[in-house]
């Protein structure tokens, strides 16, 4: 599969085969792709927590769900939750971000999340990036220090969802050459 096919076939999966576990080798290759992601000043301001133990995974899934808003209930079906934890940036990235008023760590976490979901797609797995969750509960369940931020929970598994047609803006609405239009 070429890269454009890979990107075109990747979608947010909200239905997983709960009976099919994800092979450890596939998770290891996904983590390797994440480890190789670029970051500002090579700060690599991330760490990952893979949750695949069923009882703990279900507790993490409960922390992503909202009964009131009726959202994220599909996360319990996914056999793996991969949590992205923000770590400190190095001095170059920190000073550069302060001078330029940009949060490079957040940008870097977005880049690494893209590497994760595309690597999972290349492995034949579905993913959904979840940003709505009870961060304090997740920290407590995974023994993450309160001083850290858990930015994302990426659920991973074998998707049972058919490929949807992507709805995206036309390129002429988002692209200009040599000047902003």
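Bear in mind that the values in this text are calculations on the coordinates, not laboratory data. In this text the structure is predicted, and so the values were computed from the model without any measurement. Glycine gets a Cβ as well: all are built from the backbone with ideal geometry, and neighbour counts include every protein chain shown.
What's the Cα-based Rg to Rh of region 8-87, Rh via Kirkwood?
Rg divided by Rh gives 1.01.
Quick check on the chain: helices-only [θ] at 222 nm, where DSSP H runs of length 4 and up contribute -39,500 (n - 2.57) each and the sum goes over total residues. Nearest 500, please.
That calculation yields -11500 deg cm²/dmol at 222 nm.
Using Cα centres only, tell me the gap between region 46-73 and region 139-181 in whole Å.
17
Which one, 98, 151, 132, has the greatest fluctuation when you compute a Gaussian network model over the chain with C-alpha springs under 10 angstrom?
98
List 123, 23 from most exposed to least, where exposure is judged by having the fewest other Cβ atoms within 10 Å.
Going from sparsest to densest Cβ surroundings: 23, 123.
More than 17 angstrom separation, counting every C-alpha pair in region 59-115; what % is that? Before the final figure, lay out the partial values.
Working: 904 of 1596 pairs.
Here the long-distance tail beyond 17 Å is 57 percent of all Cα pairs in region 59-115.
Under the 0.36 nm per residue contour assumption, what length would be gained going from the current alpha-carbon distance of residue 176 and residue 135 to full extension?
Numbers: separation 41, 0.36 × 41 = 14.76 nm, distance 3.93 nm.
Result for the pair: 10.8 nm of gain on full extension.
Relative contact order of the chain: what whole-number percent is it, with Cα pairs under 8 angstrom and at least 6 residues apart?
The value is 34 percent.
Stretch residue 146-residue 168 to full length: gain in nm at 0.36 nm per residue minus the Cα-Cα span?
Result for the pair: 4.1 nm of gain on full extension.
Going by average Cβ density within 10 Å per residue, which order do the peptides 139-150, 46-57 take, highest to lowest?
Details: 139-150: 13.3, 46-57: 15.2.
Ranked by mean Cβ neighbours within 10 Å, highest first: 46-57, 139-150.
At q = 0.15 Å⁻¹, work out log10 I(q)/I(0) for region 30-132 with the Debye formula, treating every Cα as an identical point scatterer and leaving solvent out; two decimals please.
Once normalised to I(0) and log-transformed, intensities are -0.70.
What share of all Cα pairs of region 3-174, in percent, falls into each consecutive 5 Å distance bin?
Binned Cα distances yield the sequence 1, 8, 16, 19, 19, 16, 11, 6, 2, 0.
Dimensions of region 76-181 along principal axes (Cα, Å, largest first)?
Cα spread of region 76-181 along its principal axes, largest to smallest: 50, 44, 23 Å.
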